[in-house]
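In what follows, a single structure is set out as C-alpha cells and then discussed.
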C-alpha cells in the first residue's frame with residue numbers, strides 16, 4: 001500500500017479535520033469545574049435545586065440531563081460500559097438499588113453523612129448512595145366532580161373498593177411507572193400480601209384506566225376527567241396552586257412512599273467536583289431547598305412547606321423497607337400484570 | 001479511477017455509469033449498516049440475552065408467550081391499526097383525488113391544510129382530542145357515553161396523524177397519469193365511474209397499497225398516541241414502553257419488538273408481490289392529465305375538503321385554546337402566562353436546536369432518499385444489490401422509534417465504537433431521524449420514479465447522455481413536486497419527533513419536542529401546549545415559505561404539464 005506522499009498528507013489533514021470537528025461536537029466531555037449530572041427531578045424543581053447549588057458552589061458548572069426515572073435508568077444501563085455522566089441526582093431509591101446491584105455506583109462518604117439516618121443511605125460503608133428527600137402517594141380528589149356524582153371523600157383505602165367509585169378512579173400502571181409501584185408496594189407492606197391483593201382486586205373493578213405516568217392521574221382528577229386520581233402530593237399541590245378544585249386525601253392506614261437519592265457513577269470523569277456535589281446534596285442549604293419542595297427530607301429542616309400539601313402526610317408515611325421493594329419488584333409487577341393488565345380496557 | 005481498469009465481472013459489460021451506480025449502492029450499504037442495521041441489530045439481539053447480557057436462547061420468548069396479556073395486546077394492536085388504515089385510506093384518497101383531479105378553487109390552501117396535523121407534536125393532538133371529547137369535553141356527548149381514552153382515542157389520533165402521510169403518497173400517485181387514457185375513455189363515451197374503475201384505480205393501485213401498508217405499520221408501531229390517550233388499552237408498542245422505560249427490561253422490550261417486526265416483514269412480502277406486477281404508468285410518450293372543470297364534481301370536492309379542513313382546524317384551534325386559558329376546565333380566563341417557561345432546561349435554545357435539526361434532516365434525507373429510490377428503480381444491472389437496497393430502505397417503517405432510539409443508544413455507547421463521540425450531538429439526532437422516516441420518503445420517491453417510463457433512461461443511454469446528466473436534467477425536474485414534498489415532510493416531522501430523540505439528546509442539544517414532554521411531566525400541561533404551539537407557529541412559517549418557493553420551482557419545471565392541459 002504505497003500511497004503517494006502528497007495524498008497521504010492530504011488524507012492525514014482531512015482525518016485531523018474530521019477528528020477536530022468531532023471533538024468540537026463532543027457533548028459529554030469532561031472539563032475541570034464542570035460535571036454532568038443525570039437528574040430524575042421534575043424540571044421546575046430541578047431549576048430550584050440547581051440554583052441553590054450554583055449559589056453554594058459558583059465555581060462548578062453542572063450540566064443537567066433531566067428526564068423521567070425510566071428514561072434515565074435506561075440510559076445508564078446502555079452507557080454501562082462507557083459512562084458519560086458523573087453523578088445521579090433525584091433518582092428513585094428502588095431504581096438506584098438496582099443500579100447499585102449492577103455495580104454502576106462508586107462509594108463516597110459525603111461530609112455531614114452523620115446527620116443522616118440509616119434508612120437514608122445505602123447499606124455499604126462508605127455508602128454508594130445517600131438519600132435526599134421523599135414523597136408518598138396520595139388520593140387526588142376532585143371536589144366539584146364529586147359533588148356532581150354525589151361521592152364521599154375516602155377515609156380508608158378500602159373505601160376506594162366500594163361500588164360507588166366504579167369507573168371514577170385512575171392510577172398509574174406499576175409496570176410503566178415507579179409511582180404505581182410505590183403504591184402497590186406500600187399496600188403490600190401495610191396490609192400483607194393476601195389482604196393487599198384482595199384490596200387491589202376490588203379497586204381494579206373501579207379503575208377507569210391505568211396511566212403510564214405517575215402524575216397523570218392527579219392531572220386527570222384536577223381537570224375533572226375522573227373524580228379520583230391516585231398520584232403524588234407534590235403534583236396535587238402544584239395543581240391546587242393553579243386553581244384545581246382538589247382535595248389531597250391520605251387514607252387513615254397510611255401511605256407508601258419513595259425516596260429520591262444521589263450518588264457518584266463508576267467511571268465519573270470529574271471525581272473531585274462530583275464529590276463536592278455530593279457534599280452539597282446532604283448539606284443544610286440543600287436540605288432547606290428540598291424542604292420547600294418535598295414532603296420529607298433526609299434530616300429535618302425548619303422551612304415553610306407548601307400550604308397545599310396535606311398536613312398529615314409525614315406521620316402517615318409507612319415504615320418502608322426499600323430493599324424489600326427493590327428485590328420484589330419484578331415478582332410483584334408480574335403478579336399485578338397477570339391479574340389486571342390483560343383486561344385493562346376502560347370501564348364505564 | 002482504478003475501477004475502470006478492473007476486468008468486467010461475468011458477462012455484464014459495465015460502462016462508467018454502471019460503476020457509479022454500483023459505487024453508490026455500496027455507499028448506501030455502509031450508510032444503512034451504520035444508521036440502521038447495527039443499532040437495530042444490537043437492540044434486537046438483546047432478546048436472546050438475560051439482563052446480565054448472557055446468551056439465553058429463546059428463554060425470553062418462552063416467558064413472553066406464557067404471559068396472558070400478550071394475545072390481547074396483539075389483537076388490540078391489529079384492531080386499531082386495521083381500523084385506522086381503513087378510515088385513513090378512504091379519507092385521504094378522496095382528499096388527494098380532489099387536490100389532483102378536480103378544478104375546485106383553493107387547491108393550494110387545501111394542500112397546506114392537509115399538512116396541519118404534521119405540524120402538531122403528538123401530545124398537542126392528544127390534549128386537543130381530550131378537550132373536545134374527554135369526560136369534560138365540549139363534544140363529549142358525540143361519543144354516546146364511550147370513552148376517548150382507549151381504542152376510540154387511539155384510532156382518532158392515529159387517523160389525524162397519518163392522514164398527511166397518506167395524502168402525500170396518494171397525491172404523488174395521482175399526479176402522474178396519462179391523459180391519453182382519459183381522452184380515449186371520453187372518446188369511447190365511457191362513464192365517469194367506469195373510467196375511474198378502469199383507468200384511475202389501476203393507475204394508483206400501487207400507491208394505494210403502499211399507503212395502506214404504511215399507515216397500518218405506523219399505527220402498529222407508534223407508542224406515543226396509545227401512551228397519552230390509550231388509557232389502559234394495551235397495544236404492543238406500549239408493552240415495549242412498559243418493559244423498557246417502566247422496568248428497564250431491555251430483553252423483554254426486544255422480544256416485543258421482534259413480535260412487532262413480523263407484520264412488517266409480511267408487509268414487505270406483499271409489497272414485493274405487488275411491485276412485481278407494476279408497470280410504469282407514465283410512458284415516455286405520456287401526456288400528463290390535467291383536470292377539466294366539472295361544476296357538480298368540483299363543488300362536491302370543495303365541500304368534502306372544507307369539512308376535513310374544519311375538523312383539522314378544530315383540533316389545532318383547541319390546542320391553541322389550551323395554551324391560553326388559565327385552568328381547564330374550571331377557569332377559562334385568557335392568559336399568556338403559560339408562554340413563559342421558567343423550568344430547568346426548557347427555553348429558546350431547544351427551539352434553535354429543533355430548527356437546525358429539521359433543516360439538516362430535511363436536506364440530507366431529501367438527497368439520500370431520492371438517490372436511493374433512483375438506484376432501486378432505474379439502473380439496468382445489479383438486480384440483487386438493488387433489491388437488497390430496497391428491502392433495507394423498507395425496514396425503518398417497521399422499527400418503533402423507541403426501539404430505534406434505544407438501538408442507537410446501545411450502539412453509540414458500545415466502548416469499541418469509534419463513533420462514540422457522536423453521542424449527544426445533533427449529528428446523531430439527525431442521523432437517527434433520517435433513518436426513522438426513511439421508508440416513507442424512499443417510497444414517495446419510488447412512487448414518483450415508477451411512473452416515469454424506463455424509456456427515458458434508454459433514450460438517454462443511446463444518445464450517450466451520462467446518467468448523472470439525465471438524472472439532473474430530466475429525472476429531478478420531472479419529480480420536483482415529489483422532492484419538495486419529501487423536504488417539507490421531513491422538516492415537519494423532525495420538529496415534532498420524540499420517540500427516538502428522547503434517548504439521544506445531549507446537554508446542549510435538547511429539542512423543543514422533548515421540552516413539550518418535560519413540561520407535561522412537570523405538571524404544566526398548558527405550558528406544554530404553549531411550547532407545542534410555538535413548534536406549530538414555526539412550522540406554519542416554514543410551510544408557507546415552502547409553498548411560495550415550490551410554486552416558483554414548479555412553474556419552472558412543470559410547465560410541460562400546463563402545456564398538455566392547454567392542448
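Would you confirm whether or not region A:54-65 contains a residue that is within 8 Å of chain B (Cβ to nearest Cβ), without any contact (Cβ under 8 Å) to a residue 40 or more places away in the chain and touching a helix residue (DSSP H, G or I) at 6+ places or on another chain (Cβ under 8 Å)?
We begin by selecting, within region A:54-65, every residue within 8 Å of chain B (Cβ to nearest Cβ); these are A:63-65.
Right, trim to without any contact (Cβ under 8 Å) to a residue 40 or more places away in the chain and you get A:63-65.
Add one more test, that the residue is touching a helix residue (DSSP H, G or I) at 6+ places or on another chain (Cβ under 8 Å), and what stays is A:64-65.
Yes, there is a match, as at least one residue in region A:54-65 is within 8 Å of chain B (Cβ to nearest Cβ), without any contact (Cβ under 8 Å) to a residue 40 or more places away in the chain and touching a helix residue (DSSP H, G or I) at 6+ places or on another chain (Cβ under 8 Å).
Look through A:249, A:296, A:227 and report the one residue that is in contact (Cβ under 8 Å) with a residue 24 or more places away in the chain and buried (at least 23 other Cβ atoms within 10 Å of the Cβ). Show your work before the answer.
Numbers: A:249 fails: buried (at least 23 other Cβ atoms within 10 Å of the Cβ); A:296 fails: buried (at least 23 other Cβ atoms within 10 Å of the Cβ).
Criteria check complete, one pass: A:227.
Residue-wise test of (1) in a helix (DSSP H, G or I); (2) touching a residue at least 60 places away in the same chain (Cβ under 8 Å).
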position	(1), (2)
B:313	yes, yes
B:319	yes, yes
B:333	no, no
B:341	no, yes
B:352	yes, no
B:362	yes, yes
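In region A:138-163, how many residues are closer than 19 Å to residue B:147 by Cα, exposed (fewer than 13 other Cβ atoms within 10 Å of the Cβ) and in contact with a helix residue (DSSP H, G or I) (Cβ under 9 Å, 6 or more places away or on another chain)?
Residues that pass the stated criteria total 1.
Here are some residues: B:495, B:531. Which one is within 30 Å of residue A:244 (Cβ to Cβ), in contact with a helix residue (DSSP H, G or I) (Cβ under 9 Å, 6 or more places away or on another chain), part of a helix (DSSP H, G or I) and in contact (Cβ under 8 Å) with a residue 60 or more places away in the chain?
Just a single option satisfies the conditions, and that option is B:531.
Can you tell me how many residues in region A:157-186 are under 16 Å from residue A:231 (Cα atoms) and assigned to a loop (DSSP other than H, G, I, E, B)? Talk me through it step by step, then tell me what you get.
If we filter region A:157-186 for residues that are under 16 Å from residue A:231 (Cα atoms), which is where we start, we get A:157, A:160, A:168-186.
In the following step, the residues that additionally are assigned to a loop (DSSP other than H, G, I, E, B) were identified as A:168, A:173-177.
Count: 6.
Consider residue A:103 against the criteria (1) surrounded by fewer than 21 Cβ atoms within 10 Å (Cβ to Cβ); (2) modelled with pLDDT of 90 or more; (3) farther than 26 Å from residue B:43 by Cβ: it satisfies all of them except one. Which criterion is unmet?
Result: residue A:103 passes all but (3).
Where residues in region B:344-359 are within 14 Å of chain A (Cβ to nearest Cβ) and buried (at least 18 other Cβ atoms within 10 Å of the Cβ), which of them is nearest to residue B:494 (Cα to Cα)?
B:357
In region B:415-431, how many are more than 7 Å from every other protein chain (Cβ to nearest Cβ) and either surrounded by 24 or more Cβ atoms within 10 Å (Cβ to Cβ) or touching a helix residue (DSSP H, G or I) at 6+ places or on another chain (Cβ under 9 Å) (or both)?
First, pick out the residues of region B:415-431 that are more than 7 Å from every other protein chain (Cβ to nearest Cβ): B:416-419, B:422, B:426, B:428-431.
Narrowing the set further to residues that are either surrounded by 24 or more Cβ atoms within 10 Å (Cβ to Cβ) or touching a helix residue (DSSP H, G or I) at 6+ places or on another chain (Cβ under 9 Å) (or both) leaves B:417, B:419, B:422, B:426, B:428-431.
Counting residues in region B:415-431 that are more than 7 Å from every other protein chain (Cβ to nearest Cβ) and either surrounded by 24 or more Cβ atoms within 10 Å (Cβ to Cβ) or touching a helix residue (DSSP H, G or I) at 6+ places or on another chain (Cβ under 9 Å) (or both) gives 8.
Can you tell me which residues in region A:66-83 are assigned to a helix (DSSP H, G or I) and facing chain B (nearest Cβ under 7 Å)?
Start the filter on region A:66-83 by keeping residues that are assigned to a helix (DSSP H, G or I), which leaves A:69-78.
Correct list: A:70, A:71, A:73, A:74, A:75, A:77, A:78.
Within region B:17-32, identify whether any single residue is within 29 Å of residue A:78 (Cα to Cα) and without any contact (Cβ under 8 Å) to a residue 60 or more places away in the chain, and answer yes or no. If you could, list the steps in order and put the result at the bottom.
Step one: list which residues in region B:17-32 are within 29 Å of residue A:78 (Cα to Cα), which gives B:27-32.
When the remaining residues are screened for being without any contact (Cβ under 8 Å) to a residue 60 or more places away in the chain, the result is B:27, B:30.
Checked against the condition, which is being within 29 Å of residue A:78 (Cα to Cα) and without any contact (Cβ under 8 Å) to a residue 60 or more places away in the chain, region B:17-32 yields at least one hit.
Checking residue A:86 against (1) within 14 Å of another protein chain (Cβ to nearest Cβ); (2) farther than 30 Å from residue A:219 by Cβ; (3) exposed (fewer than 14 other Cβ atoms within 10 Å of the Cβ): exactly one of these is not met. Which one?
Failing condition for residue A:86: (3).
Of all residues in region B:239-268, count the ones that are touching a strand residue (DSSP E or B) at 6+ places or on another chain (Cβ under 9 Å) and within 12 Å of chain A (Cβ to nearest Cβ). Working first, answer last.
Step one: of region B:239-268, the residues touching a strand residue (DSSP E or B) at 6+ places or on another chain (Cβ under 9 Å) are B:250-251, B:254.
Then keep just the ones that are within 12 Å of chain A (Cβ to nearest Cβ); that gives B:250-251.
So the count comes out to 2.
Please work out if residue A:272 is buried (at least 19 other Cβ atoms within 10 Å of the Cβ), at pLDDT 90 or above and either within 14 Å of chain B (Cβ to nearest Cβ) or part of a helix (DSSP H, G or I) (or both).
On the way: buried (at least 19 other Cβ atoms within 10 Å of the Cβ): no; at pLDDT 90 or above: yes; either within 14 Å of chain B (Cβ to nearest Cβ) or part of a helix (DSSP H, G or I) (or both): yes.
No, not satisfied.
For region B:153-204, which residues satisfy the criterion of being in a loop (DSSP other than H, G, I, E, B) and without any contact (Cβ under 8 Å) to a residue 12 or more places away in the chain? Lay out the reasoning, then the answer.
As a first pass, look at region B:153-204 and keep what is in a loop (DSSP other than H, G, I, E, B): B:176-177, B:188-191.
Those that are in a loop (DSSP other than H, G, I, E, B) and without any contact (Cβ under 8 Å) to a residue 12 or more places away in the chain: B:188, B:189, B:190, B:191.
Going through B:330, B:339 one at a time, which residue ends up being within 14 Å of another protein chain (Cβ to nearest Cβ), surrounded by fewer than 18 Cβ atoms within 10 Å (Cβ to Cβ) and over 18 Å from residue B:118 (Cα atoms)? Full working, then the answer.
On the way: B:339 fails: within 14 Å of another protein chain (Cβ to nearest Cβ).
Sole residue among the options that is within 14 Å of another protein chain (Cβ to nearest Cβ), surrounded by fewer than 18 Cβ atoms within 10 Å (Cβ to Cβ) and over 18 Å from residue B:118 (Cα atoms): B:330.
Of the residues B:483, B:446, which is at pLDDT 90 or above and either part of a helix (DSSP H, G or I) or within 20 Å of residue B:538 (Cα to Cα) (or both)? Please lay out each step first, then the result.
Details: B:446 fails: at pLDDT 90 or above.
Of the residues listed, the single one that is at pLDDT 90 or above and either part of a helix (DSSP H, G or I) or within 20 Å of residue B:538 (Cα to Cα) (or both) is B:483.
Tell me yes or no: at least one residue of region A:201-210 is farther than 17 Å from residue A:334 by Cα, touching a strand residue (DSSP E or B) at 6+ places or on another chain (Cβ under 6 Å), within 13 Å of chain B (Cβ to nearest Cβ) and assigned to a loop (DSSP other than H, G, I, E, B). Reasoning before the result, please.
Residues of region A:201-210 that are farther than 17 Å from residue A:334 by Cα, as a first pass: A:202-203, A:205-209.
Pick out the ones that are also touching a strand residue (DSSP E or B) at 6+ places or on another chain (Cβ under 6 Å) and you get A:206-209.
Remaining after also requiring within 13 Å of chain B (Cβ to nearest Cβ): A:206-209.
Subset that is assigned to a loop (DSSP other than H, G, I, E, B): none.
No: zero hits.
Could you list, in sequence order, the residues of region B:137-152 that are within 10 Å of another protein chain (Cβ to nearest Cβ) and either in a helix (DSSP H, G or I) or within 13 Å of residue B:228 (Cα to Cα) (or both)?
Here is the first cut: in region B:137-152, the residues within 10 Å of another protein chain (Cβ to nearest Cβ) are B:137, B:145-152.
Matches in region B:137-152: B:148, B:149, B:150, B:151, B:152.
What tally of residues in region B:71-88 results from selecting those that are farther than 25 Å from residue B:255 by Cα and surrounded by fewer than 19 Cβ atoms within 10 Å (Cβ to Cβ)?
Adding up the residues that qualify gives 3.
Quick one: is residue A:329 buried (at least 19 other Cβ atoms within 10 Å of the Cβ) and within 14 Å of chain B (Cβ to nearest Cβ)? Explain how you work it out, then say what you get.
Values: buried (at least 19 other Cβ atoms within 10 Å of the Cβ): yes; within 14 Å of chain B (Cβ to nearest Cβ): yes.
In short, yes.
Please go through region A:211-235 and give me each residue that is part of a helix (DSSP H, G or I) and facing chain B (nearest Cβ under 9 Å), ordered by number.
If the condition is that a residue be part of a helix (DSSP H, G or I) and facing chain B (nearest Cβ under 9 Å), then A:216, A:218, A:219, A:220, A:222, A:234, A:235 are the ones that fit.
Across region B:449-460, which residue is farthest from residue B:486 (Cα to Cα) among those that are part of a helix (DSSP H, G or I) and touching a residue at least 40 places away in the same chain (Cβ under 8 Å)? Break it down into steps so the answer makes sense when it comes.
Kept after step one, since they are part of a helix (DSSP H, G or I), are these residues of region B:449-460: B:449-450, B:455-460.
Retained after the next criterion (residues that are touching a residue at least 40 places away in the same chain (Cβ under 8 Å)): B:449-450, B:455-457, B:459.
On the way: B:449: 13, B:450: 16, B:455: 25, B:456: 23, B:457: 23, B:459: 28 Å.
Only one residue tops the list, namely B:459.
The rows are residues; the columns are (1) closer than 26 Å to residue B:165 by Cα; (2) out of contact with any helix residue (DSSP H, G or I) (no Cβ under 8 Å at 6 or more places or on another chain); (3) within 14 Å of chain A (Cβ to nearest Cβ).
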{"site": "B:185", "(1), (2), (3)": "no, no, no"}
{"site": "B:191", "(1), (2), (3)": "no, yes, no"}
{"site": "B:196", "(1), (2), (3)": "yes, yes, no"}
{"site": "B:203", "(1), (2), (3)": "yes, no, no"}
{"site": "B:208", "(1), (2), (3)": "yes, no, no"}
{"site": "B:212", "(1), (2), (3)": "yes, no, no"}
{"site": "B:216", "(1), (2), (3)": "yes, no, no"}
{"site": "B:223", "(1), (2), (3)": "yes, no, yes"}
{"site": "B:231", "(1), (2), (3)": "yes, no, yes"}
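The values are calculated or read from the model by the stated rules, or taken from the named source; none is laboratory data. Predicted model, so just to flag it, every value in this text is computed and none were measured. Here Cβ is always computed from backbone atoms with ideal geometry, including for glycine, and neighbour counts include all displayed protein chains.
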